[in-house]
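J.: Okay, handing you the structure first.
The values are calculated or read from the model by the stated rules, or taken from the named source; none is laboratory data. Here the structure is a predicted model, which means the values were calculated and not measured. Ideal geometry is used to build each Cβ from the backbone, glycine not excepted, and the neighbour counts take in all protein chains shown. The area values use the complete protein model at the heavy-atom level, side chains included, leaving out ligands, DNA and RNA. Shrake-Rupley method; radii C 1.70, N 1.55, O 1.52, S 1.80 Å.
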Amino acid sequence: MPMTIRSTIWTFLFSNLFLFIMISAAWSHGVDSNTEHFLKTNQGIAIFPFLYIGAKHMVTGYDHLLFLIGVIFFLFRSRDVLIYVSLFTIGHSLTLFFGVLTHISVNAYLIDAIIGLSIVYKGFDNLGGFQKLLNFQPNTKVAVMIFGLFHGFGLATKLQDFNLSGDSLWINLLAFNIGVEIGQFVSLTFILIALIFWRRYKSYFTFATATNTLLMTAGLVFFGYQLTGFFIG
Amino acid sequence: MTEYSPPETSLTKLIIASLFAFILATVILIGAVLPSEFGIDPTGVGKKMGLTALAPQSTESGQAPSDKEVVDPCEDLVKELDQLKMAQKEALEREKNKPIFIGSSGKKTTPNPTPSIEEAALPPELQNSPPQPIKTIQPTPANIPSTPLPKVTVAPTPIKTSAPTPLPPQWKDTISITIPPRNGLEYKFHVEKGEILTYSWKTNGSPVFFEFHGEPRGDTTGYFKSFKKTTDSQSSGSLTAPFAGSHGWYWQNDTTNPITLQLKTRGKYRVLGYQ
């Protein structure tokens, strides 16, 4: 990796560290349990609260994080990371807006089950499973975009559980979405730090199969958990 | 596709990896996740490890708390209150015949083995009042109902005005809560399904926006059920938990001064405290 790209990445990483620390500090004051009440009782424009809620959802949502780990596992160039993450972002932003504005909500368990499957898919894809099994590599960019659409529906479904007020819905929704991107940016930073460190060692490639197998495992557990919830609830 | 280079994995390796992932996921699901989250425990391993204790009780009997239920909360509450009234009457009868001890503080329910109805009917605030650090009751309209008149209706909302049911006099816990200006906070109790939380709280005069609500245990969707949501300077009653989980209040102080309130509770619950 050329020095310039490397230093760009490090600048990118450390500039986010501060933001992350600030957010974690905010959590320790127990803000989160008031979130739902805020959403329930809030009326009018509330940009920063919605920013925060969106960011928090992304940083604490391990399903999103696992999927992102899968997506960038074999992306070694920062340009590619940017392209794939942007596709994911476009995907989930589209359905987030579409879902909330048209009041379409999918069962939360089902959408989470699909998100679980997206993790399994990416793990399997990283193992080269499709090439080996089907002699065919599904377009990875399209796949990321499609799963982005599902993740967005998940966000829309969760946001609609709270009866959002109509007048300032647009602005609040936009704030939420930007918050989601900030949260994704911040969590991606830390995933990248870990992966870049690990990539300096041979073990990254030695354990690539094991890592993606575990990713599939986690996705399957999440899938089974959500599907059970769907049939029981 | 220069940017994407999955390693060459042999078919055997791929099948082994996929099978391994599938088996491990199944073991984790059946052994840990399903017992803990839903109380589904086909192997009995979850019970042995004590994981089923984490599951909502209702699911063990086959009913899950559904976050899609469309029950009118008021209707529910009225039903619950009716049941509660019956239960309380029975309890009072029993108490009259045989003095019992309740409360963790070890205080007697009443010094008199046969309490008079009047005594039992006093608003709970007036009985067993421990030293209250901040109690500046002004005769404002807000706290007139709690002036020492026997058989005064304490509950202020339409749902609960039906009857000032004589409450057993002893409170288990009393806590003084201060809500900072322009701020909100939560105080919660863990209550199992069907258990009763009897409560009474009163502010130092100022009305406060509040929402009495419950969240099912293990729920991650952010769903909660609202029992009561209004602005008042006091509230009292009993809740029969519709599901196992954390139940309690969210208070919001929209004024520029701190509001102090005193919350008294009784029943079968575990204090979770500030959230």
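J.: For a Förster distance of 30 Å, can you work out the FRET efficiency between the beta-carbons of A:Leu110 and A:Phe190, rounded to the nearest 0.05? Each step should come with its number before you reach the end.
T.: Numbers: r = 30 Å, r/R0 = 0.98.
Efficiency for this residue pair is about 0.50.
J.: Sort out for me the Cα centre separation of segment A:55-95 from segment A:139-215, rounded to whole Å.
T.: A separation of 4 Å, based on Cα centres.
J.: Show me the ranking of peptides A:196-202, B:47-53 by mean Cβ neighbours inside 10 Å, starting with the highest. Let's see the in-between values first.
T.: Numbers: A:196-202: 11.6, B:47-53: 14.3.
Result, highest mean Cβ count within 10 Å first: B:47-53, A:196-202.
J.: Once you average over the residues of A:213-221, how many Cβ atoms of partner chains fall within 10 Å of each Cβ?
T.: Numbers: counts 10, 5, 1, 7, 10, 4, 2, 9, 9.
Averaged over the peptide's residues, the number is 6.
J.: OK, next. At a Förster distance of 41 Å, what's the computed FRET efficiency of A:Ile171 paired with A:Val142, Cβ-Cβ distance as r, to 0.05? Before the final figure, lay out the partial values.
T.: Details: r = 32 Å, r/R0 = 0.77.
The value I calculate is 0.80.
J.: Next question, about the same structure. Which entries of B:Lys13/B:Lys48; A:Lys122/B:Lys47; B:Lys228/B:Lys268; B:Lys193/B:Lys264 have Cα-Cα distances beyond 24 Å here?
T.: Working: B:Lys13/B:Lys48 35 Å; A:Lys122/B:Lys47 34 Å; B:Lys228/B:Lys268 20 Å; B:Lys193/B:Lys264 21 Å.
Violating the 24 Å limit, Cα to Cα: B:Lys13/B:Lys48; A:Lys122/B:Lys47.
J.: By how many nm would the segment from A:Phe197 to A:Ile90 lengthen if fully extended, with 0.36 nm per residue of separation less the alpha-carbon distance?
T.: Details: separation 107, 0.36 × 107 = 38.52 nm, distance 2.85 nm.
Full extension of this stretch gives 35.7 nm more.
J.: Something else now. Calculate log10 I(q)/I(0) of segment A:41-94 for q = 0.13 Å⁻¹, where I(q) comes from the Debye formula with a single equal point scatterer on each Cα and nothing for solvent.
T.: So the normalised log intensities work out to -0.44.
J.: Mind checking the full-extension length gain between B:Ile23 and B:Val45? Use 0.36 nm per residue of separation minus the Cα-Cα distance, one decimal, nm. Write down the numbers at each step before the final one.
T.: Details: separation 22, 0.36 × 22 = 7.92 nm, distance 1.64 nm.
Gain on extension, B:Ile23 to B:Val45, equals 6.3 nm.
J.: Moving to a separate point now. Between A:Ile178 and A:Thr206, 0.36 nm times their residue separation minus their Cα-Cα distance comes to what? List each step's numbers first, then the result.
T.: Details: separation 28, 0.36 × 28 = 10.08 nm, distance 3.74 nm.
Difference between extended and current length: 6.3 nm.
J.: Ok, one more. Largest first, how would B:Ser226, B:Ser236 line up by accessible area (1.4 Å probe)? Spell out each step's value before the answer.
T.: Details: B:Ser226 30, B:Ser236 10 Å².
The most accessible residue leads, giving B:Ser226, B:Ser236.
J.: Of the listed peptides B:11-17, B:260-266, what is their order by residue-averaged count of other C-beta atoms within 10 Å, with the highest listed first?
T.: Numbers: B:11-17: 15.0, B:260-266: 21.4.
Top of the packing list down: B:260-266, B:11-17.
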